[in-house]
Amino acid sequence: MIEIQSLIKTYGGKPALEGVSFTVGEGEIVGFLGPNGAGKSTTLNILTGYLSATSGTVKVGGIDVFEFPDEAKKLIGFLPEQPPLYPEMKVREYLNFIYELKKCTLNRKKHLEEIMQVTKILDVKDRLISNLSKGYRQRVGIAQALVGNPPIIILDEPTVGLDPKQIIEIRNLIRNLGKNHTVILSSHILSEVQSVCGRVIIINEGRIIADEVTDNITRVAEDGRDYSVKLCGPQREVLSALRAINGIVFAEATGDRDGDAVTYRVRSESGVDIRKPLFYLASKNDWPLVGLEAIGMDLEDVFVRIMDADERKNHR
Ligand code: ADP
Ligand code: MG
């Protein structure tokens, strides 16, 4: 459905993309993950025909985006990082305007009602866009991408700036879109793409460093992970007992105290689940275990691991 080959983009001599290639098949929901400045927006803006490339090719549904931009654009609904909203328009008026702009031929009233229903904006259709909350505005942005019912939907950081409740709503909306669209969703948050996407493509400094099914990325990210362990017991004894557990490579008190409970940061060896030995240690010594939590990794940590894993694979 989407084929990107050796994409290079330089901004005034500075490289932003250094040979990006990937393909996305029909019906996939793909997460495009990378830290700020990695090249996500540049890639998506080129893919959607809004920005030229320095070199490389992009095909959408078999159509070359650089040769036939109008035809290719018809297949894509795009929510750019800065949604192109007109604050002085009312929601319905704006979608009508987009309908005209895209020269849509579907039954106008029915089509726009359907879109407003799917994106849950029917209750604000007569409100000015400038008066909408950020969450509603984002949904209007997704609604404009759906006008014309394009088979491919591309969303550039659709949940940035939203509160947790709005994030959950937008995620559910994206999951639903994935049932009958090919979707690419960019993000700089691992957990975000993990929860929605079947596959994750990771970009860093203008290069693709991983392209895997989400389960594989999750495995790399969680292998040998850190836990926060809260135990009631004499700190010195607890620490030496923790360090004696097979599979624990590191244990230290964090300095957090809560009555007689002390919090420790513990790192497990790759491939070892330390939760059961922890439980048995606590119960054998009569040290109540009052907290056990996996510590989430940020994207930086995940990158380091993925690049390490990649190197190990290449040197084997
Ligand atoms: P991301 O979306 O992953 O945060 P971008 O694609 O926006 O990354 O940016 C990739 C790189 O290109 C960054 O180093 C950024 O500073 C640079 N860049 C992006 N847009 C422009 C532009 N219009 N002019 C010059 N440099 C740009
Ligand atoms: Mg961006």
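The values are calculated or read from the model by the stated rules, or taken from the named source; none is laboratory data. Bear in mind that the values here come from a model prediction, so they are computed numbers and not experimental data. Cβ placement follows ideal geometry from the backbone for every residue including glycine, while neighbour counts extend to all protein chains displayed. Surface accessibility is based on the protein's heavy atoms, side chains included, excluding ligands, DNA and RNA. Shrake-Rupley method; radii C 1.70, N 1.55, O 1.52, S 1.80 Å.
Calculate log10 I(q)/I(0) of the range 195-267 for q = 0.13, 0.23 Å⁻¹, where I(q) comes from the Debye formula with a single equal point scatterer on each Cα and nothing for solvent.
-0.58, -0.93
Please work out the C-alpha center-to-center distance from the range 23-42 to the range 234-292 and express it in whole Å.
A separation of 39 Å, based on Cα centres.
Given the -39500 (n - 2.57) contribution per DSSP H run of 4+ residues, what per-residue ellipticity at 222 nm results for the chain, rounded to the nearest 500 deg cm²/dmol? Spell out each step's value before the answer.
Values: 11 runs with 117 residues, N = 316.
Computed ellipticity for the chain at 222 nm equals -11000 deg cm²/dmol.
What are the extents of the Cα atoms of the range 42-100 along their three principal axes, listed from largest to smallest and rounded to whole Å?
That gives 40, 20, 13 Å along the principal axes, largest extent first.
So how far apart, in nm, are the two label points at Lys179 and Arg207 if each is 7 Å from Cα heading toward Cβ?
4.1
Output the Cα-based Rg and Dmax of the chain in Å, rounding Rg to one decimal and Dmax to a whole number.
24.0, 74
At 0.36 nm per residue, minus the direct Cα-Cα distance, what do Asp163 and Ser240 gain on full extension? Give it in nm, one decimal, please. Intermediate results must be reported in sequence, preceding the final value.
On the way: separation 77, 0.36 × 77 = 27.72 nm, distance 4.21 nm.
So the chain would gain 23.5 nm between Asp163 and Ser240.
List, in order, the whole-Hz ³J(HN,Hα) value for each residue of the range 63-80 obtained from phi through the Karplus relation with A = 6.51, B = -1.76, C = 1.60 and θ = phi - 60°; use x for Gly and Pro.
Listing the rounded values in order: 9, 6, 5, 7, 7, 10, x, 5, 5, 5, 4, 4, 8, 10, x, 10, 10, x Hz.
Give me, ordered by chain and number, the residues 5 or more places off Arg199 or on other chains with an amide H under 5 Å from its own placed amide H.
Correct list: Ile29, Gly31, Thr214.
What number comes out for accessible area per residue over the chain if the probe is 1.4 Å? Units Å², please. Present the calculation step by step, with values, prior to reporting the outcome.
Numbers: 16300 Å² over 316 residues.
Per-residue accessible area for the chain comes out at 52 Å².
Please report the equivalent ellipsoid semi-axes of the range 133-253, computed as sqrt(5 x eigenvalue) of the Cα gyration tensor, largest first, in whole Å. Walk me through the intermediate numbers first.
Working: eigenvalues 325, 66, 27 Å².
Working from the Cα gyration tensor, I get semi-axes of 40, 18, 12 Å.
Hey, what's the Kirkwood Rh for the range 78-147 if you take every pair of different alpha carbons, in angstrom?
Working: mean 1/r = 0.0849 Å⁻¹.
It is 11.8 Å.
Taking the DSSP beta bridges in the chain as the whole, what percent of them are antiparallel, to the nearest 5? Write down the numbers at each step before the final one.
Working: 41 of 59 bridges.
So the antiparallel bridges in the chain amount to around 70 percent.
Per residue of the range 245-261, what does 6.51 cos²θ - 1.76 cosθ + 1.60 with θ = phi - 60° give for ³J(HN,Hα)? Whole Hz please, x for Gly and Pro, Karplus curve as stated.
Residue by residue, the range 245-261 yields 5, 5, x, 9, 9, 7, 8, 8, 6, 7, x, 7, 10, 9, x, 8, 8 Hz.
Over 28 Å between C-alpha atoms is what I'm after, so list which of Lys110/Lys134; Lys73/Lys120; Lys40/Lys165; Lys40/Lys110; Lys9/Lys125; Lys40/Lys125 land there.
On the way: Lys110/Lys134 26 Å; Lys73/Lys120 25 Å; Lys40/Lys165 25 Å; Lys40/Lys110 34 Å; Lys9/Lys125 39 Å; Lys40/Lys125 31 Å.
Pairs exceeding 28 Å: Lys40/Lys110; Lys9/Lys125; Lys40/Lys125.
What net charge is computed for the residues neighbouring Glu169, neighbours being all others with C-beta under 14 Å from the C-beta of Glu169, Lys and Arg scored +1, Asp and Glu -1? Write out the running numbers ahead of the final one.
Numbers: positive: Lys120, Lys134, Arg137, Arg139, Lys165, Arg171, Arg175; negative: Asp123, Asp163, Glu192.
Around Glu169, the surrounding residues sum to +4.
Using the per-residue mean of other Cβ atoms lying within 10 Å as a proxy for protection, in what order, highest first, do the peptides 22-33, 168-179 fall? Don't skip to the answer; put the middle values down first.
Values: 22-33: 19.6, 168-179: 16.6.
Highest mean packing first, the order is 22-33, 168-179.
Once amide H atoms are built 1.01 Å from N in the peptide plane, which residues 5 or more positions from Gly291, or in another chain, come under 5 Å H to H?
Amide H to amide H, under 5 Å and 5 or more residues apart or across chains, Gly291 pairs with Lys230.
Which cross-chain or sequence-distant (5 or more) residues have an amide H under 5 Å from the amide H of Gly247, H modelled 1.01 Å from N in plane?
none
Per residue, how big is the convex hull of the range 224-265 when only Cα atoms are used? Give it in Å³.
Details: hull volume 2.4 nm³, N = 42.
About 57 Å³ per residue, rounded to a whole number.
³J(HN,Hα) across the range 270-284 via Karplus (A = 6.51, B = -1.76, C = 1.60, θ = phi - 60°), whole Hz, x for Gly/Pro?
3, x, 10, 9, 8, 5, 5, x, 5, 4, 5, 4, 5, 6, 4
Over the chain, with every protein chain in place, what whole percent of the accessible area is carbon and sulfur at 1.4 Å, could you tell me? Intermediate results must be reported in sequence, preceding the final value.
On the way: 7920 of 16300 Å².
Percent of accessible area from carbon and sulfur atoms in the chain: 49.
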